[in-house]
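The next block holds one structure in the form of structure tokens; read it before the comments.
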Amino acid sequence: MFNRFIHNVSMQFHELFWDDVPSRQNVFARLELEARIRQAARVLEQYRAAREELDQRLERKEREAEKLGGRIEIYLHVGDRTNAWRYALALDHLREDVSRLHERRRRLRQAYHQQRSRVESLEDLHADLLTAR
């Protein structure tokens with residue numbers, strides 16, 4: 001009877017003073033998850049920067065393609081087929097580059113969105129850990 005009383009008092013003491021302290025395992029899991037979130041956020045930032053740089057390259061290439069198209073028309077208008085042909089070949093190569101860059105941008109956007117979802121999932125797990133204690 002006395003042992004049961006001591007056990008009950010011990011349990012009440014524990015509940016009163018220690019239940020709001022996160023367990024050691026929870027602390028380590030939270031720290032590990034925070035490190036994973038930081039790493040995933042760095043990767044997300046790298047994707048964002050790569051997308052921005054790629055968008056700028058595409059914009060430059062598309063402006064260059066417009067200029068080449070204008071030159072071709074001018075050379076055709078003045079009857080200089082040799083230069084028109086030369087610029088037409090350059091425009092064809094440039095359009096191939098633009099097409100490849102568009103495909104690369106599509107893949108990069110897809111990777112960015114997947115990574116953003118991963119960061120959000122990790123942040124949700126982190127919030128769950130904080131509320132679980």
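Here are some notes:
- Residue match in the range 22-31 (condition: aliphatic (A, V, I, L, M), at pLDDT below 95 and surrounded by 13 or more Cβ atoms within 10 Å (Cβ to Cβ)): yes
- So residue 94, is it exposed (fewer than 15 other Cβ atoms within 10 Å of the Cβ), in a helix (DSSP H, G or I), over 19 Å from the mean Cα position of the chain (by Cα) and touching a residue at least 24 places away in the same chain (Cβ under 8 Å): no
To keep it simple, each residue is scored yes or no on (1) of a type in the set (D, E, K, R); (2) touching a Leu at 6+ places or on another chain (Cβ under 7 Å); (3) over 25 Å from residue 117 (Cβ atoms).
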| position | (1), (2), (3) |
| --- | --- |
| 38 | yes, no, no |
| 55 | yes, no, no |
| 59 | yes, no, yes |
| 63 | yes, no, yes |
| 67 | yes, no, yes |
| 83 | no, no, yes |
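- Test: residue in the range 68-87 that is at positive phi and either of a type in the set (A, V, I, L, M) or free of Cβ contacts under 8 Å to residues at least 24 places away in the same chain (or both): yes
- A single member of 112, 75, 87 is within 30 Å of residue 36 (Cβ to Cβ) and hydroxyl-bearing (Ser, Thr, Tyr), and it is 112.
The values are calculated or read from the model by the stated rules, or taken from the named source; none is laboratory data. All values reported here derive from a predicted model rather than from experimental measurement. Neighbour counts run over all protein chains shown; Cβ positions are idealised from the backbone, glycine included.
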